[in-house]
Amino acid sequence: MTLADKRLQRREIITKAVCGKGRKFSTITHSVTPPHHPTSILGAWIINHQYEAVRSGDGIEVVGSYDINIWYSYDKNSQTDVAKETVSYSELVPLSYVDPRHRSSTEEVSADATQEPNCVEALIGGGGTSVLIRVEREYAVEMVAETKVCVVVDPNYFEDGKDADFALDEGDYEDLDADLLEDDL
């Protein structure tokens, strides 16, 4: 063992970090029955989306609701109306990565709608009495918790009379390939 190896020590630091991540895209079809038999669909949209994230088993559950509004004509296209319906949902997003050393009592979960619920298709169905709405949505979830990080320290580093030099020399990064860098850093 060298002198440098004898001087170095390991320390475990407890810190908050992202300890789990997941993403899920889904498509769902809702059936809305307006008060009148629709002749044609003039428009369909989703508003008032609200949601929250809850830890659930092996993943994170996104629980929420939104309003579906359908503008339609009836009575042989002679009149129009808007049908409104509030839909509640629960979507389990599995975690593709989980740090096995995290402290489960410190878990905090969050969800981000990377694609807000959006109506991609509206059709008259159910023998002409209802409207079928196809909705797409996508969520990215994260779990933050306390975990341990192991670092190597030299307890005598500052006693040697040396100052820590964290300055960057010009050209330190000129050999980096920009295509290899991650966008979200």
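Conditions tested, residue by residue: (1) open to solvent by less than 30 Å² (accessible area, probe 1.4 Å); (2) aliphatic (A, V, I, L, M).
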| site | (1), (2) |
| --- | --- |
| LEU42 | no, yes |
| ASN48 | no, no |
| VAL54 | no, yes |
| ASP58 | no, no |
| TYR66 | yes, no |
| ASP75 | no, no |
| SER78 | no, no |
| ALA83 | yes, yes |
| task | Looking only at the range 110-136, count how many residues are in contact with a Lys or Arg (Cβ under 9 Å, 6 or more places away or on another chain), closer than 16 Å to TYR89 by Cβ and open to solvent by less than 40 Å² (accessible area, probe 1.4 Å). | result | 3
| Checking SER105 against (1) touching a residue at least 24 places away in the same chain (Cβ under 8 Å); (2) open to solvent by 60 Å² or more (accessible area, probe 1.4 Å); (3) not in a strand (DSSP E or B), which single condition isn't satisfied? | (1)
| request: From (1) open to solvent by 60 Å² or more (accessible area, probe 1.4 Å); (2) closer than 20 Å to GLY125 by Cβ; (3) part of a strand (DSSP E or B), pick out the condition that doesn't hold for PRO35. | output: (3)
| When you look at GLU121, is it in a strand (DSSP E or B), in contact (Cβ under 8 Å) with a residue 24 or more places away in the chain and not hydrophobic (A, V, I, L, M, F, W, C), yes or no? | no
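The values are calculated or read from the model by the stated rules, or taken from the named source; none is laboratory data. This one's a predicted model, so the numbers in the text were calculated from it and none came from an experiment. Positions of Cβ are backbone-derived with ideal geometry, glycine not excepted, and every protein chain shown enters the neighbour counts. Ligands, DNA and RNA are excluded from the accessible area calculation, which covers all protein heavy atoms including side chains. Shrake-Rupley method; radii C 1.70, N 1.55, O 1.52, S 1.80 Å.
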